[in-house]
1. Pairs of alpha-carbon atoms within less than 8 angstrom and 6+ residues apart define the contacts here; what relative contact order does the chain have, in percent?
2. Check each of the trypsin sites (Lys or Arg not before Pro) in region 74-140 and keep only those in coil by DSSP with at most 16 other C-beta atoms within 10 angstrom; list them in order.
3. Counting other C-beta atoms within 10 Å, and keeping those with at most 15, which DSSP coil GluC sites (Glu not before Pro) do you find in region 1-109?
4. Helix by helix, which DSSP H runs in the chain go 15 Å or more along their axis at the Cα atoms and have an average Kyte-Doolittle hydropathy of 0.5 or more?
5. What shape does region 63-120 have by the C-alpha gyration tensor, where a ≥ b ≥ c are the square roots of the eigenvalues, rounded means a/c under 1.5, and otherwise prolate means a/b greater than b/c and oblate the rest?
6. Once phi is turned into ³J(HN,Hα) by the Karplus curve 6.51 cos²θ - 1.76 cosθ + 1.60 with θ = phi - 60°, what whole-Hz value does each residue of region 53-58 show in order, with x for glycine and proline?
7. Return the long-range amide H neighbours of Ala118 (sequence gap of 5 or more, or a different chain), with a cut-off of under 5 Å between placed amide H atoms.
8. Per DSSP H run of at least 4 residues, take -39500 (n - 2.57); add these up for the chain, divide by its residues and hand me the 222 nm value, nearest 500 deg cm²/dmol.
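Derivation of every value follows stated rules applied to the coordinates shown; laboratory data play no part. For clarity, every value in this text was computed on a predicted model and none was experimentally measured. Reconstructed Cβ throughout: ideal geometry from the backbone, glycine too, with neighbour counts over all protein chains shown.
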Amino acid sequence: MSTTLLIILIVLAAFLGLITINYYRMKNAKPVTTSKKILVLGNKNLKMALRKKILLVDFWAPWCGPCKMVAPILNDIAETEENITIGKVNVDHNQPLAKKYKVRNIPTLVIFIDGVEAGRIVGVKSKKAILKEVNAVLAG
């Protein structure tokens with residue numbers, strides 16, 4: 001066996017090992033405590049929340065690893081950005097809402113301006129990227 005092939009196999013094995021470790025870390029990550037400034041939304045209170053000027057709704061599920069990664073970012077935005085209201089919709093408990101807003105992947109963040117959907121962010125994004133997208137939607 002050549003040395004090059006041996007090195008490639010070792011690197012590949014290390015890479016697969018890292019992927020496996022990170023998968024189990026994410027799968028077993030503890031849920032993040034939701035900030036008190038974040039609204040827990042459902043069929044009954046979504047219409048009321050849509051009256052806010054800027055509403056950022058996170059469609060998520062407790063078993064979703066990427067959703068657990070976005071949660072602390074949304075907590076931070078809720079605590080620091082006074083003009084943005086953050087809401088969370090658990091898609092397991094509110095499937096009709098997820099269907100109504102055509103949420104096919106989670107996490108999906110839907111930006112509502114004056115009750116109308118104005119933008120959408122799918123996947124894990126940084127705080128800076130989320131705020132940039134919200135500001136771009138506000139700018140028109």
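1. Details: 185 pairs, mean separation 36.6, N = 140.
For the chain, the relative contact order is 26 percent.
2. Numbers: sites: Lys88, Lys99, Lys100, Lys102, Arg104, Arg120, Lys125, Lys127, Lys128, Lys132; in loops: Lys102, Arg104, Lys125.
Passing both the DSSP loop test and the Cβ count: Lys102, Arg104.
3. Numbers: sites: Glu79, Glu81, Glu82; in loops: Glu81, Glu82.
Filter output for region 1-109: Glu82.
4. Values: long enough: 3-27 (36 Å, 1.63); 65-80 (24 Å, 0.39); 127-139 (18 Å, 0.55).
Correct list, ordered by number: 3-27, 127-139.
5. Numbers: a/c = 2.14, a/b = 1.15, b/c = 1.87.
Judged from the Cα gyration tensor, region 63-120 comes out oblate (a/c at least 1.5, b/c at or above a/b).
6. 4, 10, 10, 10, 9, 9
7. The answer is Ile111, Phe112, Ile113.
8. Numbers: 5 runs with 64 residues, N = 140.
Roughly -14500 deg cm²/dmol at 222 nm, from the helical runs in the chain.
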